[in-house]
Amino acid sequence: MKLVRLPSGRLVPALGQGTWGMGEDRSQRQAEIAALRLGLDLGMTLIDTAEMYGDGGAEEVVGEAIAKRRDEVSLVSKVYPHNATRRGAIEACDRSLRRLKTDYLDLYLLHWRGSVPLTETLAGFQWLKQAGKIRDYGVSNFDLDDMEEAISLPGGDGIIVNQVLYNLMQRGIEWDLLPWCEKRDIAIMAYSPIEHSPHKPGGMLHNSQLKAIAARHGVTPTQVALAWLLHQEVIAIPKASNPAHVRENRAALDLTLTSADLAELDRAFPPPRHKRALAMR
């Protein structure tokens, strides 16, 4: 398994598992649990979730999936912006811990920026870290100006991750945010790495050049898209709810794209030539 070293020194898998959409349909619960457990078996031991997903349902699914395997997992969850006051973040974290059936998170993120002052959120995160309820903290959906403000505040130097929308079709962060974070050793975690609805007409996986590269390697377009992201030295967190998709995602780690492949992907999905507003889902 390819690993990424976080600023805190901890190593986490470059390919993890997302849980957006899980915990919303009770009839799918056992299948979702089984998919996450298979991912753990295959080495994808970073699991990302949030109190927002399924109104806490995704955290409950994760809690069952990691039962008796907590020590294997790098567990990430996120707090709603409206819960991100100092006291609110602490209480929200406690609720997440109960749903996840654990006494600590490896990483706790502010899901996106809201009206609560960042000083409040950072104070809550610092308290949680000192109390041992979280090991590290970070943010999600923060553009460059947000990051610059955040790290200037008390506790801002403890931000080790920014989770953002990043994939072949959404490359805006490469203009300024990605190099800024790289320079400061802040990890980028890419959500929706193959798009939210990749099979829609005109979606990423229908791109003829992407399919041609996949055919040359004898793999799927999904695996090429994930391999491209992993080449960028970021953490990717695709979601999969069935065994075939879990195995498909994991196999992306075994694919090495050539310089010709990468150049072809740049032509098909051009990198930004100017500043873009941060894409969000």
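The values are calculated or read from the model by the stated rules, or taken from the named source; none is laboratory data. Please read these numbers as outputs of a predicted model, since none were measured by experiment. Reconstructed Cβ throughout: ideal geometry from the backbone, glycine too, with neighbour counts over all protein chains shown.
On the stretch given as the stretch 152-162, residues that are surrounded by fewer than 19 Cβ atoms within 10 Å (Cβ to Cβ) and either touching a helix residue (DSSP H, G or I) at 6+ places or on another chain (Cβ under 6 Å) or of a type in the set (D, E, K, R) (or both) total 3. Check whether at least one residue in the stretch 40-48 is in contact with a strand residue (DSSP E or B) (Cβ under 7 Å, 6 or more places away or on another chain), of a type in the set (D, E, K, R) and closer than 22 Å to P7 by Cβ, and report yes or no. Looking through the stretch 40-48, at least one residue is in contact with a strand residue (DSSP E or B) (Cβ under 7 Å, 6 or more places away or on another chain), of a type in the set (D, E, K, R) and closer than 22 Å to P7 by Cβ. Is it the case that the stretch 173-191 has a residue that's aromatic (F, W, Y), surrounded by fewer than 18 Cβ atoms within 10 Å (Cβ to Cβ), in a helix (DSSP H, G or I) and touching a Leu at 6+ places or on another chain (Cβ under 7 Å)? Checked against the condition, which is being aromatic (F, W, Y), surrounded by fewer than 18 Cβ atoms within 10 Å (Cβ to Cβ), in a helix (DSSP H, G or I) and touching a Leu at 6+ places or on another chain (Cβ under 7 Å), the stretch 173-191 yields at least one hit. Within the stretch 194-204, identify whether any single residue is at pLDDT below 95 and polar (S, T, N, Q), and answer yes or no. For the stretch 194-204, residues at pLDDT below 95 and polar (S, T, N, Q): present.
Looking only at the stretch 111-160, residues that are among the charged types (D, E, K, R), part of a strand (DSSP E or B) and in contact with a Phe, Trp or Tyr (Cβ under 7 Å, 6 or more places away or on another chain) come to 1 in all. Only one entry in L165, L144 is under 30 Å from L210 (Cβ atoms) and surrounded by fewer than 20 Cβ atoms within 10 Å (Cβ to Cβ), namely L144. Annotation note: of L262, L278, L226, L257, the sole residue that is touching a residue at least 40 places away in the same chain (Cβ under 8 Å), part of a helix (DSSP H, G or I) and not polar (S, T, N, Q) is L226. Hey, any hits in the stretch 137-146 for a residue that's more than 27 Å from K275 (Cα to Cα), hydroxyl-bearing (S, T, Y) and in contact (Cβ under 8 Å) with a residue 40 or more places away in the chain? No - not one qualifying residue is present in the stretch 137-146. Screening the stretch 235-250 for residues that are within 20 Å of Y166 (Cα to Cα) and of a type in the set (G, A, S) and picking the one that is farthest from the chain's Cα centre (by Cα) gives A240.
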